[in-house]
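Asks: Okay, handing you the structure first.
The values are calculated or read from the model by the stated rules, or taken from the named source; none is laboratory data. The structure presented is a predicted model; accordingly, all values stated were derived computationally and were not measured. We place every Cβ from the backbone using ideal geometry, glycine too, and count neighbours over all the protein chains shown. We work out accessible area using only protein heavy atoms, side chains counted, and drop any ligands, DNA or RNA first. Shrake-Rupley method; radii C 1.70, N 1.55, O 1.52, S 1.80 Å.
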Amino acid sequence: MMPFEIAKYLRHCWKRLAVVTGILILNAIFNKKNVYTLLELLDLIPEGAVLTVQDYIVGLFNSAQFVMFFIFPVLFAVLIADLITADFDDGFIYLILSRLESRFHYLITKCAIVFLMAIIFTCLVVITALFVVAVFRIPFSGETYHYLFLADQRASSIMTYVMILTTFILGLTFIGMLTLVISVYTRGAGIAVAVIILLGFIHNIFYVLGSPFLLWLPFTQYVVGMHANYAPFGISVPYFTNAFSSAYLIIGIIFSFGLMMWKIRSSDINKVRTSK
C-alpha cells in the first residue's frame, strides 16, 4: 500500500511541492541577511566578520519567530493538510471504511508518509540553503559565531547538525500529525492550515512578550537553540532540554495518532456516503 500512497501523493501534490520549493529558496535568501543581523544584535559576531556556511545553516534552523514559528509550519501544513481529506473527496475512503481491518494499516501508511515528507522537507531546506551558499559564495571555512557552536565547543559540528536536523524532522512530523487531526475532525484541509497559521501568530506573541508559557507550545519544541542550555539566548527554565522537547513531540505524535485512529474507526460508511 505504501508505494501506491506515495505515487498517489506525488501525482496530487507535485505542483504544491514545486511552489513550496520556490518559497524555500526565497526564505533561504532572506535568511542570509537575517542570520547575520541576528548575530550582530546579540553581539556575537565582530564588526566586518564574514558569515560562514556553518553559522548560516545553523542560524537558518534556529530562526525563531517568522521562520520557525510561521514559514516552516505553514508550508509543511500546506503539503500535508489534505492527505486524508482528499480520500474523502475522491471516494477512496469508502473502500477503506468498508473493511474494518484495513483502517489501522491505512492510518499507519498516512503517518509514514507524514514522516517521509518531514525528511523530504528537511532535505529541501538544506538543498535550498546550499543553493544560496553557492550563488552568494558563502565561505565554508572561517570562525563560527553562532551561540550553538559557542555553547557546544566540546561537541563536533557534525553532532550539532545531527541534533538540529533530527529534532527538526521530529517536530515537523508532529506538526504534520497535528494538521491531520484538525483536518480529519473538521473535514477541511483549509481549516487545518488556518489553525497552524493562528498557532504561528500565538507563538510570535508569546515570544515577543517573553512569556515562559512559550516552552509549552508545539513549535517551540523543534527549535534547538531555545533550550535552557543555550540561555540567555534560550528559555531559562532548567527542565526545558532537548530530552523534554523530544518527549513532548513523541507523546504528541502518539496522542495525535490515537485521536485519528478513534475518528477513523468510529466513522460509519453509510454516514460518510450520506454526507458527501
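Asks: For the range 38-52: of the residues being part of a loop (DSSP other than H, G, I, E, B) and hydrophobic (A, V, I, L, M, F, W, C), which is most open to solvent (accessible area, probe 1.4 Å)?
Replies: Ranking the qualifying residues of the range 38-52, first place goes to Val50.
Asks: Now for a different question. Could you please give the count of residues in the range 212-270 that are free of Cβ contacts under 8 Å to residues at least 24 places away in the same chain, open to solvent by 30 Å² or more (accessible area, probe 1.4 Å) and under 18 Å from Phe61 (Cβ atoms)?
Replies: 1
Asks: Now a separate question. Only one of Ala77, Ala86, Ala18, Ala7 is crowded, with 21+ Cβ neighbours inside 10 Å and either among the aliphatic types (A, V, I, L, M) or in contact (Cβ under 8 Å) with a residue 40 or more places away in the chain (or both); which?
Replies: After applying the criteria, what remains is Ala77.
Asks: Still on this structure, I have one more. Given the structure, is Ile108 more than 21 Å from Pro218 (Cβ to Cβ), without any contact (Cβ under 8 Å) to a residue 60 or more places away in the chain and either crowded, with 20+ Cβ neighbours inside 10 Å or more than 13 Å from the chain's Cα centre (by Cα) (or both)?
Replies: yes
Asks: May I pose another question? Among Phe76, Phe69, which is more than 22 Å from Phe131 (Cβ to Cβ), in contact with a helix residue (DSSP H, G or I) (Cβ under 6 Å, 6 or more places away or on another chain) and not in a loop (DSSP other than H, G, I, E, B)?
Replies: Residue meeting the stated conditions: Phe69.
Asks: Go through the range 1-37 and give me each residue that's modelled with pLDDT under 90, of a type in the set (A, V, I, L, M, F, W, C) and part of a helix (DSSP H, G or I).
Replies: Matches in the range 1-37: Met2, Phe4, Ile6, Ala7, Leu10, Cys13, Trp14.
Asks: Please enumerate the residues belonging to the range 138-187 that are surrounded by fewer than 21 Cβ atoms within 10 Å (Cβ to Cβ), under 20 Å from the mean Cα position of the chain (by Cα) and of a type in the set (Phe, Trp, Tyr).
Replies: Hit for the range 138-187 is Tyr161, nothing else.
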